[in-house]
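Read through the structure below, which is laid out as structure tokens, and then see the notes.
Read the figures in this text as sums done on the coordinates, not as results from a lab. In this text, all values refer to a predicted model and were calculated from it rather than measured experimentally.
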Amino acid sequence: MDDSELEALRQRKLAEMQQGGQQQAEAKERARQMEIQKQAMLRQILTPEARDRLSNVRVANPEMANMVEVQLIQLAQSGRLAGMINDDMLRDILMRVAPQRREITIERR
């Protein structure tokens, strides 16, 4: 390989890396926009107390919070929500979604 071929390879590799970085930045921007839209939708369907509870659940269990958020947004978009979800309603939803815990007792003989 002579210097011109080596320089051409370097230029091509640099261009590929720049393009990959640009695609990552675009993906991050799309994800940020989707998160903003999701939060705006949740503001419309949840009372402030329910949003606080959901944010507390997000700290403890992010997967469950995401699952509940997606379900609530789908219900709202399909028109199956009558009004805003208050704290008590959200608590009931979370109870149904939360995995049931089994009690384990150890008996000594």
Helix 48-60 versus the longest principal axis of the chain: what is the Cα-based angle in degrees, 0 to 90, to the nearest 10?
-> 60 degrees
Rounded to the nearest Å, the spacing of the alpha-carbon centers of the range 3-28 and the range 81-105 is 49 Å
Which entry is the computed Kirkwood radius over Cα pairs in Å for this structure: [x] 14.5; [y] 15.0; [z] 18.0?
-> [z]
Within the chain, helix-based [θ] at 222 nm, where runs of 4 or more DSSP H residues each add -39,500 (n - 2.57), nearest 500 = -26500 deg cm²/dmol
Answer rounded, prolate or oblate for the range 53-109, using the Cα gyration tensor with square roots of eigenvalues a ≥ b ≥ c: rounded when a/c is under 1.5, else prolate when a/b is larger than b/c, else oblate.
-> prolate
